[in-house]
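S.K.: Below you will find the structure I want to go over with you.
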Amino acid sequence: MRRLSSRALFWISEASYIVLVLITGCFFAFSLVALLSQAVRTAPNRSWTNNWNAVCIGATYVFVFLVSIALCVRRRVAIRRRLQRISKAYCSIDQSHAPKQVQEYILQEFSRACLVSYECQPRESVHPGWGNQGSEHYGIRFRHALLDTIADIDAKAHLVIPSHPPLKPHARMLHHFRFILPLLPNDEDGLTPLHYYDSAIQLARTSNREPTEGEFFIGLQAANDIKRILNECQIEMLEESSVQLTTPMSQH
């Protein structure tokens, strides 16, 4: 349920106070008129002349009205003075502002809150697909981190091979990056980093379970190897182009 703002509560409080004052004033006036009319009807001459009952009733109501106004004004002035005594500037609280027992109680509650906060911190919690606390990959979701590397590698591949095909949503990495496959080295099993990267991406895309930290490490290492080789190829291409530009100038 939506709570009302402090400003709305303030206006509701003020309106309720004004309505209450108006209702009280109406009852006050009606009772005064009723008593005065009764005093006139019960008088021997049935007139206002020499009608001391009406005078007493009117004087009593005037006295009550003045006393009520005085009490309201006095309360308003007292509240305003108390509010004015409150310092609006920031002031630090030292030991002289509170008794020793209060200070010890505050220190005890603060220490208890710190202890509870420390004990509530997660320890040795394992969440599938996330890096464990205290590890190098803490706070990283393996599936999203692996899939986010595709766009970066694709952008680097287009820098090295401008005619590289555009990326398709569900294309196998081994097929999509087939043109950079000759640039990648083979390991002792005859596999390139692209083969390991393709397996990790397929696992992140299609598997019902979350990737383990070991699988994420293999996929991330393969992605870093691919990006490193592409960066080296791009640097070699820039060096060759700069040599080709400077050679005709030197011959000239």
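The values are calculated or read from the model by the stated rules, or taken from the named source; none is laboratory data. Everything quoted here is computed from the prediction, not taken from an experiment. Note that we place each Cβ from the backbone using ideal geometry, even for glycine, and neighbour counts take in every protein chain shown. These area figures cover heavy atoms from the full protein model, side chains too; ligands, DNA and RNA do not enter into them. Shrake-Rupley method; radii C 1.70, N 1.55, O 1.52, S 1.80 Å.
S.K.: Inspect all residues belonging to segment 235-252 and state whether any of them is at pLDDT below 90, more than 30 Å from H127 (Cβ to Cβ) and in a loop (DSSP other than H, G, I, E, B).
M.R.: yes
S.K.: I would also like to ask the following. Of all residues in segment 48-74, which are loosely packed, with under 11 Cβ neighbours inside 10 Å and touching a helix residue (DSSP H, G or I) at 6+ places or on another chain (Cβ under 7 Å)?
M.R.: Passing the criteria: none in range.
S.K.: Kindly indicate whether A78 is farther than 30 Å from L107 by Cβ, part of a helix (DSSP H, G or I) and over 53 Å from the mean Cα position of the chain (by Cα).
M.R.: The answer is no for A78.
S.K.: Taking segment 227-242, which residues are among the charged types (D, E, K, R) and under 24 Å from M173 (Cα atoms)?
M.R.: Answer for segment 227-242, where residues must be among the charged types (D, E, K, R) and under 24 Å from M173 (Cα atoms): K227, R228, E232.
S.K.: Hey, another quick one. For L35, indicate whether it is open to solvent by less than 100 Å² (accessible area, probe 1.4 Å) and within 30 Å of Y17 (Cα to Cα).
M.R.: Spelling it out, L35 is indeed open to solvent by less than 100 Å² (accessible area, probe 1.4 Å) and within 30 Å of Y17 (Cα to Cα).
S.K.: Any residue in segment 1-30 that is farther than 23 Å from L66 by Cβ sitting within a Cβ distance under 9 Å of a residue that is at pLDDT 85 or above? List the pairs, counting only those 6 or more apart or interchain.
M.R.: Matching pairs, first to second residue: L4/I12.
Okay, residues lined up against (1) small (G, A, S); (2) open to solvent by less than 50 Å² (accessible area, probe 1.4 Å); (3) within 30 Å of V126 (Cα to Cα):
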| position | (1), (2), (3) |
| --- | --- |
| I150 | no, yes, yes |
| H158 | no, no, no |
| P166 | no, no, no |
| R172 | no, no, no |
| D187 | no, no, no |
| A200 | yes, yes, yes |
| A204 | yes, yes, yes |
| E232 | no, no, no |
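S.K.: Could I ask something else about it? Could you check H137 against (1) open to solvent by less than 50 Å² (accessible area, probe 1.4 Å); (2) of a type outside the set (A, V, I, L, M, F, W, C); (3) in contact with a His (Cβ under 9 Å, 6 or more places away or on another chain) and say which number it fails?
M.R.: (3)
S.K.: Restricting to segment 206-229, give me the number of residues that are in a helix (DSSP H, G or I) and open to solvent by 50 Å² or more (accessible area, probe 1.4 Å).
M.R.: Residues that pass the stated criteria total 8.
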